[in-house]
Amino acid sequence: LAMAPLASAQGVVAPGDVVFDDYGEVAQSLTGVPGNPEAGRTVMATRSLGNCVACHQVSAMADVPFQGNVGPSLDGVADRWSEAQLRGILVDADRTFPDSIMPAFYKTDGFIRPGDGYTGKAAPPDLPPILTAQQIEDVLAYLLTLHEN
Amino acid sequence: ALLMAGSGSADPDHDDLIVNGEIDMIERAPAPPYVEAFDEIISGWSFRSDETQALQMDDFDNPGMLGVERARVMFDTPMGSGGQACSSCHETPEALRGVRATYPKWDEERQTVQTVEMQVNECLTERMGAEPLGYDSPEMVDMAALIASVSRGMVVNVAIDGPARPVWEQGRELYYTRFGQLELACANCHEDNAGRMIRADHLSQGQINGFPTYRLNNAALISVHNRFRGCIRDTRAETFPVGSPELVALELYVASRGNGLTVEGPAVRN
């Protein structure tokens, strides 16, 4: 992926500019750069990034210990949801599941007492989203590999 | 219909907690009417592993009792300009039996809700001419553990009516506020998902009848406000300081959600 950094930065959709349809779907790629499923898997397993396994069980990630069950198993999600639906769920799950406890991974405003990561201190004025646009696309690419059987 | 690969069972167990073979705890009680999410309130002890549970069943195995012993020494030690010890006025720690079960509590003189820690500092500064202890200092947590330990087995009965009511309501409001970048309220984890696993952690109802708790992960006694701060921090939020009006209000509200359980502090947790 030898994209010039400038070119890719220009192609990135900012959190405030993401376009959702009425069902919470996001059709357009956030970066225009295809996601890397391996990188996405790492984001999902990493505590300080997606930490998706805190709430979800994924059989294909059996090597990652201590998977939670606060949310549904992600086995077979690629059969249940389209790419645009999954992107929408990752960006802001509330648009698909109203009042979901699943965090919005690509959102930067509307929070009550946002912190600076896990420090307990106040957030900086330019609080970044939890995941970058490319990390969202990477996680999405991995989710799209999760077919039943 | 979720089958977990390798993780333990998710429901709290029905083991019976009897400490030192004599203090029979109430681990399950009917939920107070203002706790609408549950029929039954359950002590955090019931959510822990058998190994962790066992450590709380005998004072010789409970590392939190070392803090209690340290505080017993402090209780008899003269402090401050008057040369008095706690025991000058309260004779023995056992004279304070019952305190933990009813705190936080409205203080008529101060016109405010006081926690046990605030009450201890009141005696230190206003009655003994001593410096206050840090709200979350090891000495204060030890003293809170001592004051809890002499009430073990008593039924939690925190008052939420009268002048304490607005503070209780503020605490309830905080309990249901979705803080931080993860937008999670106490209720999202401790009501909606009690009994489930969040990564390696078995979510309890977040009761505080066992506080201060000895946490094996920290190898230390942990105060109520310290625990609250940790949970708020984990939502990627800006926390509140220990002893702040917000955490006092939250403590009153959360304590009242445990009305009917028994005082267990110092409990043992992972």
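Rounded, prolate or oblate, given the Cα gyration tensor of the stretch A:1-137, with a/c below 1.5 counting as rounded? Rounded, because the longest to shortest axis ratio a/c is under 1.5. Using Cβ point charges alone (K and R +1, D and E -1), the dipole size of the stretch B:64-144 about the Cα centre works out to roughly 160 debye.
Might you report the magnitude of the Cβ-based charge dipole of the protein assembly as shown about its Cα centre, with Lys and Arg at +1 and Asp and Glu at -1, to the nearest 20 debye? Don't skip to the answer; put the middle values down first.
Details: 30 positive and 59 negative charges, 129 e Å.
So the magnitude is around 620 debye.
Considering only B:Ile18, B:Ile222, B:Ile198, the Gaussian network model of chain B with Cα springs below 10 Å gives its largest mean-square fluctuation to B:Ile198. Cα axis of helix B:138-149 to longest principal axis of chain B: angle in degrees, 0 to 90, nearest 10? For B:138-149 against chain B, the angle is about 80 degrees. Buried accessible area between A and B (1.4 Å probe, both chains summed, ligands and nucleic acids excluded), in Å² to the nearest 100? For chain A against chain B, roughly 2900 Å² becomes buried.
Using only alpha carbon pairs under 8 Å that are at least six residues apart, calculate the relative contact order of chain B and give it in whole percent. Don't skip to the end; give the middle numbers.
Values: 496 pairs, mean separation 73.8, N = 270.
Once normalised by length, the contact order is 27 percent.
Which whole-Hz couplings ³J(HN,Hα) result when phi for each residue of the stretch A:25-41 is put into the Karplus expression 6.51 cos²θ - 1.76 cosθ + 1.60, θ = phi - 60°, listed in order with x for Gly and Pro? Working through the residues one at a time gives 7, 10, 6, 8, 4, 6, 10, x, 9, x, x, 9, x, 5, 5, x, 4 Hz.
Sequence-ordered 3J(HN,Hα) estimates for the stretch A:86-96 from the Karplus curve with 6.51, -1.76 and 1.60 and θ = phi - 60° stand at 5, 4, x, 5, 6, 5, 7, 4, 4, 6, 9 Hz, glycine and proline given as x. Residues of the stretch B:197-235 with accessible area at least 10 Å² lower in the all-protein-chain context than alone (1.4 Å probe)? Hits at the 10 Å² cut-off: B:Met197, B:Ile198, B:Arg199, B:Ala200, B:Arg233, B:Asp234.
Taking only DSSP H segments of four or more residues, each worth -39500 (n - 2.57), what value at 222 nm results for chain A once the sum is divided by all its residues, to the nearest 500 deg cm²/dmol?
On the way: 5 runs with 40 residues, N = 149.
Calculated at 222 nm, the ellipticity per residue is -7000 deg cm²/dmol.
Using a Gaussian network model of chain A in which every pair of alpha carbons under 10 angstrom is joined by a spring, one finds that among A:Pro125, A:Pro103, A:Pro37 the greatest mean-square fluctuation is at A:Pro125.
Using a 1.4 Å probe, what is the accessible area per residue for the stretch B:5-113, in Å²? Mind dumping the intermediate values first?
Working: 6020 Å² over 109 residues.
Each residue of the stretch B:5-113 exposes 55 Å² on average to a 1.4 Å probe.
Taking amide hydrogens as placed 1.01 Å from N in the peptide plane, the amide H of B:Ile41 sits under 5 Å from those of B:Ala29, B:Ala31, each at least 5 positions away in sequence or on another chain. Positive-end ranking of B:Pro163, B:Met74, B:Asn193 along the dipole of the protein assembly as shown, with charges on Cβ about the Cα centre, is headed by B:Met74. The phi-based Karplus calculation (6.51 cos²θ - 1.76 cosθ + 1.60; θ = phi - 60°) puts the 3J(HN,Hα) values of the stretch A:66-76 at 6, 8, x, 9, 5, x, x, 4, 8, 4, x Hz, whole numbers, x for Gly and Pro.
Helix-only estimate, please: 222 nm mean residue ellipticity of chain B, summing -39500 (n - 2.57) across DSSP H runs of length 4 or more and dividing by its residues, to the nearest 500. Walk me through the numbers on the way to the answer.
Working: 10 runs with 84 residues, N = 270.
For chain B, the value works out to -8500 deg cm²/dmol.
Taking amide H as placed 1.01 Å from N in the peptide plane, the amide H of B:Asp107 sits under 5 Å from that of B:Thr112, B:Val113, B:Gln114, each at least 5 places away or on another chain. Take every pair of alpha-carbon atoms less than 8 Å apart whose residues are at least six positions apart; their mean separation over the length of the stretch A:14-129 yields a relative contact order of 23 percent. The H on the amide N of A:Ile112, modeled in the peptide plane, is under 5 Å from the matching H of B:Gly180, each at least 5 residues off or on a different chain. For the stretch A:68-121, the list of trypsin sites (Lys or Arg not before Pro) that fall in a loop by DSSP and count at most 16 other C-beta atoms within 10 angstrom reads A:Lys121. Accessible surface computed residue by residue for chain A, with neighbouring protein chains in place and a 1.4 Å probe, gives 50 Å² per residue. For the stretch B:1-135, averaging the sequence separation of C-alpha pairs within contact (under 8 Å, six or more residues apart) and dividing by the residue count gives a relative contact order of 15 percent. Under the convention that each Lys and Arg Cβ holds +1 and each Asp and Glu Cβ holds -1, the size of the dipole of chain B around its Cα centre is about 560 debye.
If you roll a 1.4 Å probe over chain A with all protein chains in place, what percent of the accessible area is carbon or sulfur?
On the way: 4310 of 7490 Å².
In chain A, the share of accessible area belonging to carbon and sulfur is 57 percent.
Seen through its C-alpha gyration tensor, with square-root eigenvalues sorted a ≥ b ≥ c, the stretch A:29-69 comes out prolate because a/c lies at 1.5 or above while a/b is bigger than b/c.
The values are calculated or read from the model by the stated rules, or taken from the named source; none is laboratory data. Please read these numbers as outputs of a predicted model, since none were measured by experiment. Using ideal geometry, Cβ is built from the backbone for each residue, glycine included, and neighbour counts are taken over all protein chains shown. Calculation scope for accessible area: heavy atoms of the full protein, side chains included, ligands and nucleic acids excluded. Shrake-Rupley method; radii C 1.70, N 1.55, O 1.52, S 1.80 Å.
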